[in-house]
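Student: First the structure, which I've put down as structure tokens, then a few questions once you've had a look.
The values are calculated or read from the model by the stated rules, or taken from the named source; none is laboratory data. Since this is a predicted model, take the numbers as computed values, not measurements. Neighbour counts are summed over all protein chains in view; Cβ atoms, including those assigned to glycine, are modelled from backbone coordinates with ideal geometry. What goes into the accessible areas is simple: the full protein's heavy atoms, side chains included, and nothing from ligands, DNA or RNA. Shrake-Rupley method; radii C 1.70, N 1.55, O 1.52, S 1.80 Å.
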Amino acid sequence: MELRDIEIFLTLAEELHFGRTAERLHVSQARVSQSIAKQERRIGARLFARSSRRVELTPIGAQLREDLGAGYRRILDGTRAATAAARGTASTLTLGLHGPQPQDQARVLNLFRSRHPEIQLRIQELNFTDPFGPLRDGSVDVATAWLPVREPDLAVGPLVIAEPLLLMVATGHPLASRDAVGMEDLGDWTLPQSAQPIPEYWQQTLVPARTPAGRPIRRGPKVSTFQEIAAMVVAGEVICLVHGVAARYYPWPGLRYLRPYDAPLVSWALIWPTAGETGPIRDLARAVRDAGPQRI
């Protein structure tokens, strides 16, 4: 099967309309029909069910789309990489990470760089007060975010990290001397909240509105950085749920990290603008998938 025929098939499988497929590929509608007919003769089965009103993939067509899609993208990405290498140019992929993730995810980043030396990987720090803005304004191409992410314009890719939630308290806080703490204890204290508007469903992971039993949890000072949170915790003004990585990278004087016995695991995933998916983003997602999520 020629590459152009594969392209026509995959485009028609996406558009499910001969006219739109022809317009998108800048060919005649007759060329699309001829290509599909040729592929169906070669395979010996119908790939599309056509009627006067609609075009649908047959089961064999759906399987062929799945089998050809990944290979076709790899061919295009490989050709693009070879072209860039021949021209002595490199594409740049800007990855948005939070806090110590550049150090924590060195294994994945090194795997990606070893596979794609033609792509310059640039790291930009993101802040929890604006988790999705840099993706939307183009400051970063791809980023990590804790789940869930329910943004219609953002695609959620493979998992990067799975880690427990910890409770950060002052060393002299009453909870620090307890044998065990649970999520219900949050109802007795005040938690900080984001200084900037962020989706409520996303903030709920670290700043839940209620305890498991339904008691309200007080929200107090507005904060913009982890350092501001830590300062308030040390001063005894608040307690705070944090990701497990914090205990490894921020063992600061005056802080104590507790593991609530019923705290959920939190997963981080790679995310990117759905309309802005590129070959380098797919390459990074593949490296993340192959490396598997880091479990802390």
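Student: So, in nm, how far is label Lys222 from label Asp290 when the simple model puts each one 7 Å beyond its Cα toward the Cβ?
Tutor: Calculated label separation equals 4.5 nm.
Student: Ala180 to Asp262: extension gain in nm, 0.36 nm per residue of separation minus the Cα-Cα distance?
Tutor: Computed gain between Ala180 and Asp262 is 28.5 nm.
Student: Another question about this same structure. What accessible surface, in Å², does a 1.4 Å probe find on Arg178, ignoring ligands, DNA and RNA and rounding to the nearest 10?
Tutor: 110 Å²
Student: May I pose another question? Once you keep just the Cα pairs under 8 angstrom separated by 6 or more residues, what percentage relative contact order results for the stretch 1-121?
Tutor: Numbers: 87 pairs, mean separation 23.6, N = 121.
For the stretch 1-121, the relative contact order is 20 percent.
Student: Pop the C-beta distance of Glu23 and Arg53 into the FRET formula with R0 = 25 Å and round what comes out to the nearest 0.05. Kindly include the intermediate steps, with their values, before the conclusion.
Tutor: Working: r = 19 Å, r/R0 = 0.77.
Efficiency, from the Cβ-Cβ distance: 0.85.
Student: Follow-up question, since we're still on this one. Please quote Rg/Rh for the stretch 246-285 to two decimal places, taking the Kirkwood radius as Rh and restricting both calculations to Cα atoms.
Tutor: On the way: Rg = 17.4 Å, Rh = 14.1 Å.
Reported Rg/Rh (Cα atoms, Kirkwood Rh): 1.24.
Student: Could I ask something else about it? So how much accessible area does Glu40 have, in Å² to the nearest 10, using a 1.4 Å probe?
Tutor: Roughly 20 Å² of Glu40 is accessible to a 1.4 Å probe.
Student: Here is a follow-up. Take the alpha carbon atoms of the stretch 7-68, find their radius of gyration, then divide it by 2.2 N^0.38 Å using N residues; give the quotient. Numbers along the way, then the final one.
Tutor: On the way: Rg = 10.7 Å, N = 62, 2.2 N^0.38 = 10.6 Å.
Compared with the compact-globule rule of thumb, the stretch 7-68 sits at 1.01.
Student: Right, something else. State the percentage of accessible surface on the chain attributable to carbon and sulfur atoms; use a 1.4 Å probe and exclude ligands, DNA and RNA.
Tutor: Working: 7740 of 14820 Å².
After summing per-atom areas, the C and S share lands at 52 percent.
Student: Okay, next question. Using a Förster radius of 22 Å, what is the FRET efficiency between Ala106 and Arg74 based on their Cβ-Cβ separation? Nearest 0.05, please.
Tutor: Details: r = 25 Å, r/R0 = 1.16.
The calculated FRET efficiency here is 0.30.
Student: For the full complex of protein chains and a 1.4 angstrom probe, list Tyr249, Tyr72 by accessible area with the highest value first.
Tutor: Values: Tyr249 80, Tyr72 35 Å².
Output order, biggest surface exposure first: Tyr249, Tyr72.
Student: Given labels modelled 7 Å from the Cα in the Cβ direction, how far is it in nm from Met1 to Ala209?
Tutor: Here the modelled spin labels are 4.9 nm apart.
Student: In percent, how large is the relative contact order of the chain, given Cα pairs closer than 8 Å and 6 or more residues apart? Spell out each step's value before the answer.
Tutor: On the way: 443 pairs, mean separation 64.5, N = 296.
With pairs under 8 Å counted, the relative contact order is 22 percent.
Student: Estimate the FRET efficiency between Asp67 and Arg136 by the formula 1/(1 + (r/R0)^6), using the beta-carbon distance for r and 35 Å for R0, to the nearest 0.05.
Tutor: On the way: r = 34 Å, r/R0 = 0.97.
In this case the efficiency is close to 0.55.
Student: Measuring with a 1.4 Å probe in the full set of protein chains, what accessible area per residue, in whole Å², belongs to the stretch 93-176? Present the calculation step by step, with values, prior to reporting the outcome.
Tutor: Numbers: 3270 Å² over 84 residues.
On a per-residue basis, the stretch 93-176 sits at 39 Å².
Student: Report the label-to-label distance for Arg113 and Trp252 in nanometres (one decimal), using points 7 Å from each Cα along the Cα→Cβ vector.
Tutor: So the two model labels end up 2.8 nm from each other.
Student: Hey, any idea what Rg/Rh is for the chain, computing Rh the Kirkwood way over Cα pairs? Before the final figure, lay out each step's value.
Tutor: Details: Rg = 24.8 Å, Rh = 22.4 Å.
Rg divided by Rh gives 1.10.
Student: Next question. For the stretch 173-244, calculate the relative contact order in percent as a whole number, restricting contacts to Cα pairs under 8 Å that are 6 or more residues apart.
Tutor: Numbers: 81 pairs, mean separation 27.2, N = 72.
It rounds to 38 percent for the stretch 173-244.
Student: Mean 1/r over all different Cα pairs, inverted: what Kirkwood radius does the stretch 1-157 give, in Å?
Tutor: Values: mean 1/r = 0.0530 Å⁻¹.
Radius from the Kirkwood sum: 18.9 Å.
Student: If you don't mind, another one. Per-residue counts of other Cβ atoms within 10 Å, averaged by peptide: what ranking do you get for 227-235, 258-266, highest first?
Tutor: Working: 227-235: 17.2, 258-266: 14.2.
Per-residue Cβ counts within 10 Å, averaged per peptide and sorted highest first, yield 227-235, 258-266.
Student: What is the Å³ per residue value for the convex hull set by the Cα atoms of the stretch 134-293?
Tutor: Details: hull volume 19.8 nm³, N = 160.
Normalising the Cα hull of the stretch 134-293 by residue number yields 124 Å³.
Student: Report the one residue of His173, His98, Leu159 whose Cα lies farthest in the direction of the positive end of the charge dipole of the stretch 86-180 (charges on C-beta: Lys and Arg +1, Asp and Glu -1; origin at the Cα centre).
Tutor: Towards the positive end, the residue furthest out is Leu159.
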